[in-house]
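This report refers to the structure that appears directly beneath it.
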Amino acid sequence: MAKTIISIKNLVKNYGNFEAVKGISFDVYEGEIFGLLGPNGAGKSTTLEIIETLRPKTSGEVNVDGYDLDKQPNEIKRIIGVQLQTSGYYPGLNLVELIELFAGLYNREVNPMGLLESVNLKEKAKAKFKEMSGGQKQRFSVATTLINQPRIIFLDEPTTGLDPQARRSLWELILKIREKGTTIIITTHYMDEAEYLCDRVAIIDSGKIAALNTPDKLIDNLVATGFERVKEMKKANLEDVFINLTGHSLREE
Ligand code: ADP
Ligand code: MG
């Protein structure tokens, strides 16, 4: 049986008298890619930021790798990697300087070139953050989550706004990070992304979990109810055509 690394019980978050998260419970297993899947406003970021110790909860229990959020938030901080808003980076520093800055904050030794190579940005080592494309910025921000060698990383809509090549390159990066044993929690509103990446997903809507399972099982359950698609799907879609014509390879725009 998989070991539980994050356990959430009856998590509630109210903003004033608005209930953004309405008593959700779920477990994340060690080494999996767990997706929080839902439309804008569902409560994904709120939930993530509470687990990350960045936002106070209203009630409920959060346990991360045996540490209780209420009692040991600093221990939790030490074992997680959090993606900051890309607007938070000093735009005038180059990538190596930014990594060294973060490493200093975490009090960790890092090899900036090795880290940049792992996210395919070695050639951009001396480029300033503001000079990079959207996809490169996202890959860099994923790299910064790895600086403190965390056991769990949190990615909040890492591919929103990216073109198909940049999206797929980020997917490969996320799979590579998981291969090394890191647990990943990701939020997205792209269903294809969740289906491709996630071992299990929680579908969250208006602050409640509507379903939680593997993508396969969720689809099988729906089909078992007699559901049929109105239109037979083709074996490829327009995005496949696009990728086929323009290539899988990374574009350093
Ligand atoms: P998601 O990430 O799924 O789009 P959020 O967690 O950001 O959703 O937001 C959930 C709900 O809580 C939304 O209705 C949002 O407007 C509201 N909300 C988020 N942050 C705040 C805040 N600081 N103050 C008041 N309401 C907020
Ligand atoms: Mg959000």
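Return the FRET efficiency for the residue pair Ser7, Met113: r is the Cβ-Cβ distance, R0 is 45 Å, and the value is rounded to the nearest 0.05. Walk me through the intermediate numbers first.
On the way: r = 38 Å, r/R0 = 0.84.
Calculated value: 0.75.
How far, in nm, would the chain grow between Lys126 and Glu75 when pulled straight, counting 0.36 nm per residue and subtracting the alpha carbon separation? Write out the running numbers ahead of the final one.
On the way: separation 51, 0.36 × 51 = 18.36 nm, distance 3.37 nm.
Roughly 15.0 nm would be gained on extension.
Given R₀ = 25 Å, FRET efficiency for Ile243-Glu195 by Cβ-Cβ distance, to 0.05? Display every interim value, and only then the final one.
On the way: r = 16 Å, r/R0 = 0.65.
The formula returns an efficiency of 0.95 here.
Given charges of +1 on the Cβ of Lys and Arg and -1 on the Cβ of Asp and Glu, with all other atoms neutral, how large is the dipole of segment 22-151 about its Cα centre, in debye to the nearest 20?
My answer is approximately 520 debye.
Do you know the relative contact order of segment 1-110, to the nearest whole percent, from alpha carbon pairs under 8 angstrom that are 6+ apart?
Details: 130 pairs, mean separation 26.1, N = 110.
It rounds to 24 percent for segment 1-110.
I'm checking a number: the convex hull volume of the Cα atoms of segment 161-214, normalised per residue, in Å³. What is it? Walk me through the numbers on the way to the answer.
Values: hull volume 4.7 nm³, N = 54.
Convex hull of Cα atoms, per residue: 87 Å³.
Given axes a ≥ b ≥ c from the Cα gyration tensor, I'd like to know whether segment 26-67 is rounded (a/c under 1.5), prolate (a/b larger than b/c) or oblate.
Verdict is oblate for segment 26-67.
Which value, in debye to the nearest 20, gives the size of the charge dipole of the chain about its Cα centre, when Lys and Arg are +1 and Asp and Glu are -1 at the Cβ?
Details: 32 positive and 35 negative charges, 59 e Å.
Its charge dipole is roughly 280 debye.
Rounded to the nearest 500, what is the chain's calculated 222 nm mean residue ellipticity when only DSSP H runs of at least 4 contribute -39500 (n - 2.57) each, over all residues? Don't skip to the answer; put the middle values down first.
On the way: 9 runs with 88 residues, N = 253.
It lands at -10000 deg cm²/dmol.
Where Rh denotes the Kirkwood radius from the mean inverse Cα pair distance, what is Rg over Rh for segment 66-111?
Values: Rg = 13.4 Å, Rh = 12.5 Å.
Here Rg/Rh amounts to 1.07.
Calculated FRET efficiency, Asn40 and Leu101, Cβ-Cβ r, R0 35 Å, to nearest 0.05?
Working: r = 32 Å, r/R0 = 0.91.
The formula returns an efficiency of 0.65 here.
For a quick size check, give me the Cα extents of the chain along its three principal axes, largest first, whole Å.
That works out to 55, 53, 39 Å along the principal axes.
Report, for the chain, the % of DSSP beta bridges that are antiparallel, rounded to 5. Present the calculation step by step, with values, prior to reporting the outcome.
On the way: 22 of 39 bridges.
If we restrict to bridges inside the chain, about 55 percent are antiparallel.
Bear in mind that the values in this text are calculations on the coordinates, not laboratory data. Keep in mind it's a predicted model, so treat the numbers as computed, not measured. Neighbour counts are summed over all protein chains in view; Cβ atoms, including those assigned to glycine, are modelled from backbone coordinates with ideal geometry.
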